[in-house]
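The values are calculated or read from the model by the stated rules, or taken from the named source; none is laboratory data. This structure is a prediction, so every number in the text was calculated from the model and none was measured. In this analysis, Cβ positions are derived from the backbone assuming ideal geometry, glycine residues included, and neighbour counts consider all displayed protein chains.
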């Protein structure tokens, strides 16, 4: 495992604000129109990035059975932030999500089994596959699967010393449009067997292409090297 640089949350916030300010224009290019990116959603996502930043540097592993509740914490953060009052307001919803997460046969057990079977794949494919697995039917969480999935995928990338995936004006359409297909696809069956791997490949390529060192505090000086590595990884993901 590579050393884990810290996130530049200010740069991430600027990117999310840019998406927020341009969302009307972006929405016109989406296969399915989405609700605007409001301040509360943006702030909760920043809390989520701060959370996974701390976990990566503390050696936390939410894919370890003893720490699996950390994945629930990501979802709670993107929906409620860290405010105790807000979390109390959504207590019933969080409890219902926990039931779905822990007790649905296609819940977290399915995600852990998938991850265990794909441990030998590149981190890009694992991160993309986890995102697709969370989003496909039945989704892992009641709400916030896109946001939670992107943070969980970012955690896996960061754990390897790579930049997180962050929504930008440039990648928003490529991020949202395949997701409109994924969320209608069942995790199992003939359709999943043929369609999900191709969508996973597309997301892996997107994450490679959008691997931006400016989102990391200590990697800006390595941008030229990262660009070269990104090109090699993108070529490898197509094989």
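What to note about this one:
- Residue match in segment 21-39 (condition: more than 25 Å from residue 179 (Cα to Cα) and in contact with a helix residue (DSSP H, G or I) (Cβ under 8 Å, 6 or more places away or on another chain)): no
- Pick from segment 158-216, criterion touching a strand residue (DSSP E or B) at 6+ places or on another chain (Cβ under 6 Å) and not in a helix (DSSP H, G or I), ranking: surrounded by the fewest Cβ atoms within 10 Å (Cβ to Cβ): 186
- So residue 239, is it modelled with pLDDT under 95 and part of a loop (DSSP other than H, G, I, E, B): yes
- Count - residues of segment 44-58 that are over 14 Å from residue 154 (Cα atoms) and in contact with a helix residue (DSSP H, G or I) (Cβ under 9 Å, 6 or more places away or on another chain): 1
- Qualifying residue in segment 47-65 (condition: in contact with a strand residue (DSSP E or B) (Cβ under 6 Å, 6 or more places away or on another chain), buried (at least 18 other Cβ atoms within 10 Å of the Cβ), more than 26 Å from residue 183 (Cα to Cα) and at pLDDT 95 or above): yes
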